[in-house]
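The values are calculated or read from the model by the stated rules, or taken from the named source; none is laboratory data. Everything numeric here is computed off the predicted structure, so don't read it as measured data. With ideal geometry, Cβ positions are generated from the backbone for all residues, glycine too; neighbour counts draw on all protein chains shown.
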Amino acid sequence: MKHADIPTRADDLFCYGLYTASHAVTRAYAPHLKALGLTYPQYITLTLLWEEDGRQVNALAQKLGMETSTLTPLVKRLEAMGHVTRSKSALDGRAVEVRLTDAGKALSQQAPAVTACMIGQSGLSVAELEELQALLFKLRDGLQPR
């Protein structure tokens, strides 16, 4: 792409589309998650634990694409809410492991309804959402430091 062909208007920049879409998704999730007493980052963290309980904080942070220093206060809030417990890893005493409580596990039963509402609100078909997801992961992976 020649320098003259590079977009400069916000509406033409893919980063602007991602930025505004990300905020729209977070806002759309908010009322559904408020009913569960969760924020969007808390919900995504719990989703990863529903997939695989007993993850270490550093592994969770890596999967979420955030720093452990950002995730730790979020996990502490989830612990205070009674959804998770934190403990030293039996394999590595320096690592902190996060496990779901019964209350945290019970929340997973409400996740499919939240997902169904969000699919309906998206204005996209399931096939379009799957294609979008694949493209977003491809973009994310392409932007990872090498």
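Here are some notes:
- Selected residue [at pLDDT 95 or above and in contact with a Ser or Thr (Cβ under 6 Å, 6 or more places away or on another chain)] from ALA80, ALA61: ALA61
- If you go through segment 71-104 and pick out every residue that is part of a helix (DSSP H, G or I), surrounded by 15 or more Cβ atoms within 10 Å (Cβ to Cβ) and over 17 Å from the mean Cα position of the chain (by Cα), you end up with 1.
- A single member of THR45, THR20, THR68, THR26 is of a type in the set (Ser, Thr, Tyr) and more than 21 Å from LEU136 (Cβ to Cβ), and it is THR68.
- Residue check for LEU107: of a type outside the set (Val, Ile, Thr) and assigned to a helix (DSSP H, G or I): yes
- Selection count where residues are in a helix (DSSP H, G or I), of a type in the set (Gly, Ala, Ser) and loosely packed, with under 10 Cβ neighbours inside 10 Å, scope segment 120-146: 3
- Residue in segment 32-52 that is surrounded by 15 or more Cβ atoms within 10 Å (Cβ to Cβ), in contact with an Asp or Glu (Cβ under 6 Å, 6 or more places away or on another chain) and under 19 Å from ASP102 (Cα atoms) present: no
- If the condition is being under 20 Å from THR115 (Cα atoms) and either among the basic types (Lys, Arg) or in a helix (DSSP H, G or I) (or both), then segment 43-62 contributes TYR43, ILE44, THR45, LEU46, THR47, LEU48, LEU49, TRP50, GLU51.
- Selection of first residues in segment 45-69 that are closer than 15 Å to ASP92 by Cβ and of second residues that are of a type in the set (Gly, Ala, Ser), restricted to Cβ pairs under 8 Å at least 6 apart or on distinct chains, gives the following pairs, ordered by first then second residue: GLN56/SER89; GLN56/ALA95; VAL57/ALA95; ASN58/ALA95; THR68/ALA61.
- As for segment 14-31, it holds at least one residue that is crowded, with 16+ Cβ neighbours inside 10 Å and within 20 Å of CYS117 (Cα to Cα).
- Candidates ARG94, ARG86, ARG9 - the one that is at pLDDT 95 or above and among the basic types (Lys, Arg): ARG86
- Verdict on THR26 being under 13 Å from LEU107 (Cα atoms) and in a helix (DSSP H, G or I): no
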